[in-house]
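All of the numbers you see were taken from the coordinates with simple rules; none came from a lab. None of these values were measured; they are calculated from a predicted model. Note that each Cβ is placed from the backbone with ideal geometry, even for glycine, and that neighbours are counted across all protein chains shown.
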């Protein structure tokens, strides 16, 4: 158990809809990272927040957004969903803003039908 | 752009065999390199890292050396165990301002048989 929790575990929704994925980092970690893992694209870094502020951006679509709240939990919002957004979404956390020792959560499996 | 290429799996070995998983990268600057491991049903775990050329990362009997001349970061272990069965990902990270270009290889599935 990495100490990172993600909810929900599974999510099934229809095209065009909007969903919110939630992540709680390990106690004491200030950074949260979001990743997408799909069969065709592999594992992709989406975005990082550090202590409530956006720290780094990767391959995140404009339809996707994230935020980190004062209690350090983070939410990833996915809107206007397409079939191709079906994937496993991982959250990871680390102590610092440039730490490579990231602790991954178990992931949320999103299925868009 | 930056990219990571690792050997395709699956790889099947007998216990105590020698393991090599090849990884090469393309980068515009001087990235940091990593190996992550993903056990069934779990998220990724950092296995080892190297932040500059000629650095050797090591953990749990696994090793990888950052070779700038060959742009490689091959993962090795002298004697694998059944418990090493997992998917292994090679990755690089290169920061530029507020952008973090983090790239992962496609993953190599390792199965170790008793």
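A compact table of results
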| read-out | value |
| --- | --- |
| Most mobile of B:66, B:25, B:39 in a GNM of chain B (Cα contacts under 10 Å) | B:39 |
| Average partner coverage of B:101-109, which counts Cβ from other chains inside 10 Å | 4 |
| Mean separation of Cα contacts under 8 Å (6+ apart) over length of chain B, as relative contact order % | 36 percent |
| Gaussian network model of chain A, springs between alpha carbon atoms under 10 Å - residue of A:61, A:88, A:21 with greatest fluctuation | A:61 |
| Chain A - percent relative contact order, Cα under 8 Å, separation 6 or more | 37 percent |
| Kirkwood-based Rg to Rh ratio, the protein assembly as shown, C-alpha trace | 0.97 |
| D_trans [Stokes-Einstein, Kirkwood Rh over alpha-carbon pairs] for chain A, 25 °C, 0.890 mPa s, µm² s⁻¹ | 178 µm²/s |
| Distance between segment A:1-49 and segment B:59-114 - C-alpha centres, whole angstrom | 22 Å |
| Kirkwood-Stokes translational diffusion coefficient of chain B, alpha-carbon pairs, 20 °C, 1.002 mPa s, µm²/s | 151 µm²/s |
